[in-house]
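Have a look at the structure below, then the notes.
The values are calculated or read from the model by the stated rules, or taken from the named source; none is laboratory data. These numbers come from a predicted model, not from an experiment. Here the Cβ positions follow ideal geometry from the backbone for every residue, glycine too, while neighbour counts run over all protein chains shown. SASA here: full protein model, heavy atoms, side chains in, ligands and nucleic acids out. Shrake-Rupley method; radii C 1.70, N 1.55, O 1.52, S 1.80 Å.
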Amino acid sequence: MKKTNNFLFTLSFLIAGYLPLNAQEKNAITLQPENAKVTISKDIYGHFAEHLGRCVYEGIWVGENSSIPNTKGYRNDVVAALKDLSIPVLRWPGGCFADTYHWKDGIGPRDKRASIVNVNWGRTTEDNSFGTHEFLNLCEILGCDAYISGNVGSGTVQEMAEWAEYMTSDAESPMTKLRKQNGREKPWKVKYFGIGNEAWGCGGNMTPEHYSDMCKQYGTYINYAGRGVNKVASGASDFNYNWTDVVMKNAGSHIQGIGVHYYTLPGDWDKKGSSTEFTEKEWFTVMKKTSMMDSLVKTHLKVMDKYDKAKRVGLIVDEWGTWYDVEPGTNPGFLYQQNTMRDALVAAINLNIFNNHADRIKMTNIAQVINVLQSMILTDKEKMVLTPSYYVFRMYKVHQNATLIPVSVISRNYTLDKESIPAISVSASKDANGKIHVTLANLDPNAENPVTLDLGSIKAGNVTSEVLTSKAMNDYNDFGKAAKIIPAKFDKIKISGSTLQVIMPSKSVVSVEISTK
Ligand code: AHR
């Protein structure tokens, strides 16, 4: 992760339509229902499950003989919680793991599958009991789409093409015959197919020029073998706009999406900072760095526009979220971290940014769904905890497939040590039943923030609201204890005509539902 220039940061907020002026006394948000034209792809609310630490094994899959309550090997508690979240799409099997994964090791009778060493994450041996069938059947159980990450780094073109054929073809062929022998008659649906992952790093250390050719070559044979898949090119890290430029120039016409990965760290890669023990300075840094997603996305989109004037290719933020030092005493290769109110704010800010760019962002995948990095769910053997981030995704799910209502924002600043960032983040949409949903975040951990929303031509009826907040910045939900951070009914909200007043508590996320007359 590169250091960011403060001047560019301030400039990016000005361009974003925010006015982070020191003189701003009020928070004023104006909804523009007359400009509501774009659908917020439900896939913006996507997730990621990698073979990493306890995400897949223990987090999702315990096997049929486990004492942890399960149905056909999937944990009952986790499946129920994920269903409640209406997860739209799940990315698997990696991450870095994807470019070491050979899919044929994970099919057929489980007791005959080859064990493998997970060379990226802790060098643990995996028995491959969770493979293609177990993943795609999970997607069907959850009612979500599948995003498969293919192996470009150490796999062959033939291997990837055969995987696409095995999963999606309904023709009479060697791969469909094998699938049927393994108990699956009909093809599954695979909506997205990633052509490698982090090809600039763990996925092969390639130059963008070299990767562009690989992307076209692998993609050509996915086209022949696969049915109905959208191809996603391995994208840039953070602010590497040159990667996007070269891949779009050389391979842009062959893909439906291009990725980008951006993680939020309080510190540097060699000393990231604790997930639970942090100062206000670290809180501020996380808020500031995560808000930079907006300028990062805008700049990648500008580069994409050079080669895709029709804006056909979607930007896919297929890894994002917080990354801290692992919890003391846990395996450093497992990336297990706690999740506090700070993470709830990170989730809310990013989802607002993604909604507001719904014209070009077609999918995102927070890393990762269970027990890894900024998780929705944490497990400890048979125990399960729903994190503050989980609740933000649940509060925001109303935006899935709704129509984006553009907003203009005048925000007060949140200032610390002479540095300032806008205190308020917001997005709004109209769902299929005509209800308006507004989601807001107050980044200031010390001060409440009164916000005035001008609803424009919207004729407001009944208004209901929920809040997610906590006493301390570093509160979290822990195993065996009552949840400290859980959505509650919110009443510091008043409607009069077309004006809505919301008193945002410090460090809070608020969702508002407005029925229309
Ligand atoms: O999400 C953890 C890792 O972060 C992924 O495997 C990799 O793609 C990224 O570097």
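On a per residue basis, the range 458-517 carries 52 Å² of accessible surface, using protein heavy atoms and a 1.4 Å probe. Only lysines eight or more places from K281 in sequence, or on another chain, were considered; those with a Cα closer than 16 Å are K271, K272, K289, K418, K507. Full extension of the chain between V119 and N137 yields a length gain of 3.9 nm, computed as 0.36 nm times the residue separation minus the alpha carbon distance. For the chain, the share of accessible area belonging to carbon and sulfur comes to 51 percent (1.4 Å probe, ligands and nucleic acids excluded).
K288 sits with roughly 30 Å² accessible to a 1.4 Å probe, with DNA, RNA and ligands left out of the calculation. Ligands, DNA and RNA excluded, the heavy atoms of L82 present near 10 Å² of accessible surface to a 1.4 Å solvent probe. Let me make sure I get this right: for the range 50-400, a, b and c are the square roots of the gyration tensor eigenvalues over alpha carbons, sorted descending. Under 1.5 in a/c it's rounded, otherwise prolate if a/b > b/c, else oblate. Which is it? Oblate is the answer for the range 50-400, as a/c is 1.5 or above yet b/c matches or exceeds a/b.
Cα axis of helix 157-168 to longest principal axis of the chain: angle in degrees, 0 to 90, nearest 10? Roughly 70 degrees, rounded to the nearest 10.
Extension gain, N331 to S173, is 52.5 nm, computed as 0.36 nm per intervening residue step minus the present C-alpha separation. With protein chains left intact and a 1.4 Å probe, residues in the range 50-400 average 34 Å² of accessible area per residue.
The shape of the range 300-417 comes out prolate: with a ≥ b ≥ c from the C-alpha gyration tensor, a/c is at least 1.5 and a/b beats b/c. For the chain, the longest principal axis of the Cα atoms and the long axis of helix 293-307 meet at an angle of about 60 degrees. What is the local net charge at N401, summed over the other residues whose Cβ is closer than 9 Å to its Cβ (Lys, Arg +1; Asp, Glu -1)? Cβ neighbours under 9 Å give a net charge of 0.
Applying 1/(1 + (r/R0)^6) with R0 = 35 Å to the Cβ-Cβ distance of S86 and K298 gives a FRET efficiency near 0.80. Computed with every protein chain present, the accessible area of E327 is close to 30 Å² [probe 1.4 Å]. Among C202, C144, the order of accessible area from largest down is C202, C144, computed with a 1.4 Å probe on protein heavy atoms. Its DSSP H runs of at least 4 residues, each contributing -39,500 (n - 2.57), put the calculated 222 nm mean residue ellipticity of the chain at -8000 deg cm²/dmol, to the nearest 500.
The order of I60, I410 by accessible area, most exposed first and with a 1.4 Å probe, is I410, I60.
Taking the longest Cα principal axis of the chain as reference, the axis of helix 208-225 is set at about 60 degrees. Ordered by 1.4 Å accessible area with all protein chains kept, F48, F278 run largest first as F278, F48. The stretch between E280 and K471 holds 67.4 nm of extra length on full extension. This uses 0.36 nm per residue minus the Cα-Cα distance. Note on the range 376-517: Rg/Rh from Cα positions, Kirkwood definition for Rh, rounded to two decimals, is 1.00.
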